[in-house]
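These notes concern the structure reproduced below.
The values are calculated or read from the model by the stated rules, or taken from the named source; none is laboratory data. Nothing here was measured: the structure is a model prediction, and the numbers come from that model. Positions of Cβ are backbone-derived with ideal geometry, glycine not excepted, and every protein chain shown enters the neighbour counts. Side chains included, ligands, DNA and RNA excluded: accessible areas come from the protein's heavy atoms. Shrake-Rupley method; radii C 1.70, N 1.55, O 1.52, S 1.80 Å.
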Amino acid sequence: MNKFDERFKQIFERLCAEDFGTALTLICPLIDGAGKKLYGIKKPGERFKKVMSDNNAFLYWMLTGGMFVMAEGADLVFARENKGNINLGQSIYKLVRNSLLHEAELSDEIEFVDEGRFGPEGNKIIFPKSLIWGLAFMLSYLECYKDDCPKNYQLSISGVPMPLNKTWGSKEKTMGFFKENLFKR
């Protein structure tokens, strides 16, 4: 197992254990690294937000259980009381990545909840925990991590076995799994 195989295994283990803080601590450097590998952007904030914005449609789809379909390149901007506007990529970069890196904890301006709601709530931005799963699966289909599927690892989501080795490296196959097994209407 290479270092990324092991990192992805740790991410999914933490998600299954509902240890979302640790999962985010493992996810954020991989988003940063993806931006560097995919785009060659030197500034961390720019590359992180570029990966996020290029995958907004998938992330919003995941955080809404497949109900919210956005055009590629589209984004939502959340208006916060006395804090200014912020979008998804900025929220994850500033309130998650930077807070974890510099303060060793999530900002009190963001909250991840069990319910499927998202958006501004007073001075906070609310996202469902499904977004964290979405970030992990976004990484699993990025070109730069296509060879890093955890070998011989069994992942089960809500009791449904997920064949990582069959979906890894493909956004379409990842979405197909969720449509067929978890986002049924």
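Quick one, which of (i) 71, 39, 27; (ii) 49, 41, 31; (iii) 50, 31, 28 is the actual Cα extents along the principal axes in Å calculated for this model?
After the calculation, the listed value that fits is (ii).
Where a ≥ b ≥ c are the square roots of the eigenvalues of the C-alpha gyration tensor, would you call segment 25-112 rounded, which needs a/c under 1.5, or, failing that, prolate if a/b is larger than b/c, or oblate?
Oblate, since a/c reaches 1.5 and b/c is not below a/b.
Would you grab the residues whose amide H sits under 5 Å from the one on PHE78? Only those 5+ places off in sequence or on another chain, please, with H modelled 1.01 Å from N.
Distant-sequence amide H within range of PHE78: ILE86, ASN87.
Can you tell which of ILE41, PHE8, MET62 lies farthest toward the positive end of the dipole of segment 1-71, using +1 and -1 charges on the Cβ of basic and acidic side chains (Lys, Arg; Asp, Glu)?
ILE41
Taking the chain as the reference, fit the longest principal axis to its C-alpha atoms, fit the long axis of helix 171-181 to the helix C-alpha atoms, and give the angle between the two in degrees, 0 to 90, nearest 10.
The angle comes out at about 80 degrees.
Assigning unit charges at the beta carbon (Lys, Arg +1; Asp, Glu -1) and nothing else, what dipole magnitude in debye, to the nearest 20, does the chain show about its Cα centre?
Here the size comes out at about 560 debye.
Please list, ordered by chain and number, the residues whose modelled amide H lies under 5 Å from the amide H of ILE110; skip anything fewer than 5 residues away on the same chain.
Here ILE125 satisfy the definition.
How far apart, in nm, are the 7 Å Cα→Cβ label points at VAL113 and VAL69?
With each label point 7 Å from Cα toward Cβ, the separation is 2.7 nm.
Lysine pairs in segment 16-98 8 or more apart or on different chains: how many have alpha carbons under 13 angstrom apart?
Count of close lysine pairs: 6.
Mind checking the full-extension length gain between ASN181 and VAL160? Use 0.36 nm per residue of separation minus the Cα-Cα distance, one decimal, nm.
Gain on extension, ASN181 to VAL160, equals 6.8 nm.
Would you grab the residues whose amide H sits under 5 Å from the one on LEU155? Only those 5+ places off in sequence or on another chain, please, with H modelled 1.01 Å from N.
Hits under the 5 Å cutoff: MET162, LEU164.
Figure the gain on full extension for ASN85 and LYS36 (residue separation times 0.36 nm, minus the Cα-Cα span) and round it to one decimal in nm.
Extra length from ASN85 to LYS36 when fully extended: 15.0 nm.
What are the ³J(HN,Hα) values, in whole Hz, obtained from phi via the Karplus relation 6.51 cos²θ - 1.76 cosθ + 1.60 with θ = phi - 60°, for each residue of segment 156-170 in sequence order, with x given for Gly and Pro?
Listing the rounded values in order: 10, 10, 6, x, 9, x, 10, x, 3, 5, 9, 9, 4, x, 9 Hz.
In degrees, nearest 10, range 0 to 90: what is the angle between the Cα axis of helix 3-16 and the longest Cα principal axis of the chain?
In the chain, helix 3-16 runs at an angle near 70 degrees to the longest axis.
Rounded to a whole number, what % of the accessible area of the chain do carbon and sulfur atoms account for, probe 1.4 Å?
Accessible surface attributable to carbon and sulfur in the chain totals 48 percent.
So for the pair THR22, LYS3, with labels modelled 7 Å out along Cα→Cβ, what separation do we get in nm?
Using points 7 Å along Cα→Cβ, the separation is 2.0 nm.
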